[in-house]
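> Submitted below is the structure of interest, expressed as structure tokens.
The values are calculated or read from the model by the stated rules, or taken from the named source; none is laboratory data. Quantities reported herein were computed from a predicted structural model and do not represent experimental measurements. Backbone-built Cβ (ideal geometry, glycine too); neighbour counts: all protein chains shown. Heads up: the accessible areas ignore ligands, DNA and RNA and are worked out on the full protein's heavy atoms, side chains in. Shrake-Rupley method; radii C 1.70, N 1.55, O 1.52, S 1.80 Å.
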Amino acid sequence: MKYVLVDAISTFRIRYAVAVPDDTPDDEAIVWAKDSVTCEECEEFSQYHIGESISDASILSKESLLSQFDKDNDYFTQWPEDKKLQYVKVING
């Protein structure tokens with residue numbers, strides 16, 4: 001069995017809604033709202049998945065794949081090998 005590791009970038013449009021007093025000038029309201037989002041002081045209002053783009057793909061040995069799994073998921077390093085391999089899509093071709 002050979003393993004192909006595919007790197008992809010997923011893009012989302014995240015929208016936030018911020019209430020600002022009526023007497024705040026528009027330009028200040030926008031700056032204040034942007035700062036609130038940047039500082040992670042707002043809850044998400046909605047999101048839309050724009051798509052996914054593949055950035056790279058490579059062939060790995062089983063040992064290299066398991067090593068990459070441990071590097072990417074350090075909180076699961078104690079899992080047995082067979083449980084880690086359950087995260088691999090098997091294609092019968």
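> Can you find a residue that is without any contact (Cβ under 8 Å) to a residue 40 or more places away in the chain, of a type in the set (A, V, I, L, M, F, W, C) and touching a helix residue (DSSP H, G or I) at 6+ places or on another chain (Cβ under 6 Å) anywhere in region 6-13?
no
> Inspect all residues belonging to region 23-36 and state whether any of them is open to solvent by less than 50 Å² (accessible area, probe 1.4 Å), in a helix (DSSP H, G or I), under 30 Å from R13 (Cβ atoms) and touching a Pro at 6+ places or on another chain (Cβ under 9 Å).
Within region 23-36, one or more residues are open to solvent by less than 50 Å² (accessible area, probe 1.4 Å), in a helix (DSSP H, G or I), under 30 Å from R13 (Cβ atoms) and touching a Pro at 6+ places or on another chain (Cβ under 9 Å).
> Residues in region 80-90 that are open to solvent by 50 Å² or more (accessible area, probe 1.4 Å) and within 29 Å of R13 (Cα to Cα): how many?
2
> Let me ask you something else. Could you give every pair whose Cβ atoms fall below 7 Å, whose first residue belongs to region 74-93 and is of a type in the set (A, V, I, L, M), and whose second residue is modelled with pLDDT of 95 or more, counting only separations of at least 6 or pairs across chains?
V88/Y3
> I've got another one for you. Within region 1-36, work out how many residues are among the aliphatic types (A, V, I, L, M), more than 18 Å from the chain's Cα centre (by Cα) and more than 30 Å from I91 (Cα to Cα).
So the answer is 8.
> Only one of these conditions is not met by F45: (1) on the phi < 0 side of the Ramachandran plot; (2) in a loop (DSSP other than H, G, I, E, B); (3) loosely packed, with under 12 Cβ neighbours inside 10 Å. Which number is it?
(2)
> Go through region 50-79 and give me each residue that's assigned to a loop (DSSP other than H, G, I, E, B) and open to solvent by less than 70 Å² (accessible area, probe 1.4 Å).
Residues satisfying the conditions are S61, N73, T77, W79.
> Moving to a separate point now. If you go through region 1-18, how many residues are modelled with pLDDT of 95 or more and not in a strand (DSSP E or B)?
Residues in region 1-18 being modelled with pLDDT of 95 or more and not in a strand (DSSP E or B): 2 in total.
> Consider G93 carefully, then state whether it is within 30 Å of A17 (Cβ to Cβ) and either open to solvent by less than 60 Å² (accessible area, probe 1.4 Å) or modelled with pLDDT under 95 (or both).
No.
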